[in-house]
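In what follows, a structure is listed as structure tokens, so that the remarks can point back to it.
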Amino acid sequence: MSQPEIDLGLLSAQDHRKSAQLLAGIRHAALSGAVAAAKPRPVIGDSWTRAMDHGVDPDTGSHTGVLSADELEQRRRTSPLQEVLPALRDGLVSVADAAWHIMVVSDAEGRVLWRDGSTAIRRSADRVGFAEGASWSEDTVGTNAIGTALVTGRPVQVRSAEHFVRAHHLWTCAAAPLHDPRDGRLLGAVNISGPAATVHPASLSLVTAVTRVAEGELRTRHWASIEGLRSLAAPLLARVQGRAVVIDPNGWTAAVTGMPPLERVALPSSPAAGPVWLPSLGLCTLEPLPGGWLVRVGAEGGTNTPSRVVVDVSRSRDWSVTVSGAAGSWSQELSPRHAELLFVLAVHRGGRTAAELARDLFGDPSRTVTVRAELSRLRRNLAGILAHRPYRFADSVSVELLRPTRPTDLLPHSTAPAVHLAGGGRSGP
């Protein structure tokens with residue numbers, strides 16, 4: 001008989017002591033290899049496995065020390081999260097303070113950049129190393145809302161003994177990852193934490209909602225910058241002969257001439273002036289502009305036919321695809337869904353039908369519409385790399401797949417059956 005899964009949503013705050021004891025027993029069994037009365041939620045069980053693989057000390061964690069004051073200030077100044085810090089504080093600090101909680105904002109590495117809220121709780125947080133400049137990544141302190149949200153790419157609440165480190169069992173925390181809407185890049189996580197006995201079921205919903213508001217503010221600022229670039233681009237393109245497009249540093253289109261409009265151009269990870277092969281446009285020339293690039297399409301000097309593709313899913317986050325050819329190489333970060341798709345296609349070089357991919361990703365072969373839509377987006381960025389009927393990498397390119405050393409680190413955000421099978425059959429959704 002399979003073990004029942006503990007659902008903390010069915011346990012009230014008044015029943016905190018009972019739930020904490022039950023969770024502590026489940027954690028002890030997981031660490032010792034004993035059989036527990038119940039099993040943890042999959043997101044927690046998978047995180048415990050990763051923490052053990054990383055060698056995190058289950059009693060105190062494996063703290064790496066805090067950043068110096070200068071380095072902390074440098075990270076704050078360069079983080080896009082600084083732009084939306086007022087929105088985060090407006091949405092969370094008053095609630096956190098009233099509930100004896102604190103609001104914490106981390107960067108994408110799990111380093112705590114800002115804290116605010118109850119003074120008493122901040123002092124308690126200091127005693128467990130939950131301080132500004134400290135690392136709260138999973139490989140440092142194990143399962144916690146910040147680190148686990150950053151790895152999985154999803155909002156998560158971690159209560160009491162769901163924390164891997166015993167010293168954190170008096171805490172509950174809820175965090176949501178925050179992404180840059182310009183390029184999908186993970187910027188960090190927003191978290192509220194407090195005493196485990198004061199857990200509230202709405203905490204996760206609140207953090208998630210406020211995070212979405214902050215992402216919306218970043219999006220509004222982005223489109224305002226596009227409008228500014230558009231005013232510069234209009235007179236410039238009027239003097240350009242042939243096909244050209246003006247884009248911002250993330251590839252979003254401000255203006256176009258001599259060709260159909262397009263929403264975005266996929267750029268190399270470190271674009272430079274001069275000839276460059278762009279998957280959606282072919283060989284082009286990049287010219288720098290204030291706040292963006294002028295892309296002249298159809299540069300002289302022949303063509304660059306891609307010959308090699310590297311799909312890199314070796315890290316627990318920050319996945320990429322690199323395309324190489326005669327004119328150099330081009331890299332792009334991958335979204336979680338596109339990382340899953342390219343992983344499956346790299347494993348199945350003979351190709352997969354839409355129904356097979358739907359089964360690989362969702363366990364449901366009928367979800368072909370979703371698969372075709374995602375592949376359409378991918379093929380716009382990887383023109384000449386991906387073929388269809390069936391979907392596959394083009395026969396003309398060699399493909400290398402870089403996997404993580406530990407199978408449990410393979411796309412840990414993923415609930416796709418094909419990824420879970422390749423990751424050693426870790427617990428499913």
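Taking Cα atoms only, the orientation of helix 81-98 departs from the longest principal axis of the chain by about 20 degrees. The simple Förster model, with R0 at 41 Å and r as the Cβ-Cβ distance, assigns D126 and L262 a FRET efficiency of 0.20.
How much net charge surrounds V210 when only other residues with a Cβ under 14 Å from its Cβ are counted (Lys, Arg +1; Asp, Glu -1)? If you can, show how the numbers build up before the last one.
Working: positive: R89, R212; negative: D90, D116, E215, E217.
Local net charge: -2.
Note down the magnitude of the dipole of the chain about its Cα centre, charges +1 on Lys and Arg C-beta and -1 on Asp and Glu C-beta and zero elsewhere, to the nearest 20 debye. Could you put the intermediate results ahead of the total?
Values: 45 positive and 41 negative charges, 164 e Å.
It comes to approximately 780 debye.
If one takes the longest principal axis of the Cα atoms in the chain, at what angle in degrees, from 0 to 90 and to the nearest 10, does the Cα axis of helix 69-78 lie? Between helix and principal axis, roughly 50 degrees.
Just going by the charge dipole of the chain, with Lys and Arg at +1 and Asp and Glu at -1 on Cβ, which of T60, P271, T198 is farthest out on the positive end? It is P271. Local charge for H222 was computed over the other residues whose Cβ lies under 11 Å away, with Lys and Arg +1 and Asp and Glu -1, and equals -4.
Where does the charge balance sit around N381 when Lys and Arg score +1, Asp and Glu -1, over other residues with C-beta under 15 Å from its C-beta? Mind showing how you got there, number by number?
Working: positive: R264, R337, R377, R379, R380; negative: D183, E263, E333, E374.
Result for the local shell: +1.
Using the charge dipole of the chain (Lys, Arg: +1 at Cβ; Asp, Glu: -1 at Cβ; taken about the Cα centre), state which of V207, L357, S135 has its Cα farthest towards the positive end. Value computed over the given set: L357. If you run the Gaussian network model on the chain, springs between alpha carbon atoms under 10 Å, then out of L401, L410, L178 the most flexible one is L401. The equivalent ellipsoid of the chain has semi-axes of 42, 28, 17 Å, largest first, where each one is the square root of 5 times an eigenvalue of the Cα gyration tensor. Extension gain, T353-R372: 0.36 nm per intervening residue step, less the Cα-Cα distance, totals 5.9 nm.
Read the figures in this text as sums done on the coordinates, not as results from a lab. All of these numbers come straight from a predicted model, not from anything done at the bench. With ideal geometry, Cβ positions are generated from the backbone for all residues, glycine too; neighbour counts draw on all protein chains shown.
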